[in-house]
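This report refers to the structure that appears directly beneath it.
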Protein chains: 2
Amino acid sequence: MAYPGYGSPPGGWQPSAPPPGMDPFYQYFSAVAGADGQISVSELQRCLNSLNWTQFSESTCQIMISMLDRDRSGQMGYNEFKELWPVLQQWRGTFVRLDTNKSGYIEAAELGNALRGFGYNVSPQFVNLVLLKFDYETRSRLNLDQFVMALIMLRGLTDAFRKRDVSQSGQASFAYDEFMSEAIYHKP
Amino acid sequence: MAYPGYGSPPGGWQPSAPPPGMDPFYQYFSAVAGADGQISVSELQRCLNSLNWTQFSESTCQIMISMLDRDRSGQMGYNEFKELWPVLQQWRGTFVRLDTNKSGYIEAAELGNALRGFGYNVSPQFVNLVLLKFDYETRSRLNLDQFVMALIMLRGLTDAFRKRDVSQSGQASFAYDEFMSEAIYHKP
């Protein structure tokens, strides 16, 4: 179940590491974050929607922030934004590549390929469940917003499982409280 | 971790069992369901909001239907509606009893009491996590809509856990696919 570590660089773009003042990505971050130097859910939503990739929902922007929110501030600082960016580009790249007819949606077969491409060892039944639960229009297809939301939940749950599957057997034991907490923590 | 079985009768009210044509609850159901004899998400939402208990969200109505949707129709038939009704009344009764200052919200201590009252063996940390994840206004309190959504998710996850905890030890083993599927299936 190896899958690319979070924060791996995207195809062409790599955050640079000069002092913040010199870094063009820092300037971009500052423009998005405004005076308080932190990106809120609505600021992230506005920023991502200005890219015209898809309409990102408030819930997806919320879960993107939560995924990286180590200080539990509810907002996104520069390092977190820099960490999000290449992963989001990678996810979008996969989506665009799989959406061969440029419909803005991927269907069951493509979603299965995408998940297996990211190293998730998932059954066709599981792929159908993901479609059922993340496709709010119940048309058995995901747009980029729903795809990103699903990937974030899968990533979080897989990490939680792997931490307990020390022998990498694909089987893990949970106390009641742990099981409940992981499922609830990773819900959008 | 015993907790009241789903479908247990409410304090005062018990669905009666005459033939559907004679049953006043069936007449109520028919009025809500309309010509197709099935209650959709929006019909359930309209029906529940007419009670003026709280504003039930589309997501909560959706998860109420999913919880009982054994035929995967995406709608609610008479038997399912009859099953939902007393449980919802029980949950609302608990909520109203705990909301002593009639604010329309319950806070951490009350939520913990409610969950323990339903037989869930949960820690204060877990109660705080539930608040964090279901309170979209991040004010550390839940309204009735959020409370019901949380209870449905807890109920589904607890059932999934209990099925695998055959010795009732509070510990259960999951294959990767099972763990992922349960967490995703029970998300709102």
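The values are calculated or read from the model by the stated rules, or taken from the named source; none is laboratory data. Predicted model, so just to flag it, every value in this text is computed and none were measured. Glycine gets a Cβ as well: all are built from the backbone with ideal geometry, and neighbour counts include every protein chain shown. Ligands, DNA and RNA are excluded from the accessible area calculation, which covers all protein heavy atoms including side chains. Shrake-Rupley method; radii C 1.70, N 1.55, O 1.52, S 1.80 Å.
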Exercise for the section: Please give the number of the condition B:Thr60 fails out of (1) open to solvent by 50 Å² or more (accessible area, probe 1.4 Å); (2) under 19 Å from B:Phe134 (Cα atoms); (3) in contact with a helix residue (DSSP H, G or I) (Cβ under 6 Å, 6 or more places away or on another chain). Expected result: (1)
Fill in the blank from the handout: Exactly one of B:Lys163, B:Lys187 is modelled with pLDDT under 95 and either farther than 25 Å from B:Ser57 by Cα or among the basic types (Lys, Arg) (or both), and that residue is B:Lys187
Handout entry: Test result for B:Lys102, open to solvent by less than 60 Å² (accessible area, probe 1.4 Å) and either at pLDDT 95 or above or of a type outside the set (S, T, N, Q) (or both)
Key = no
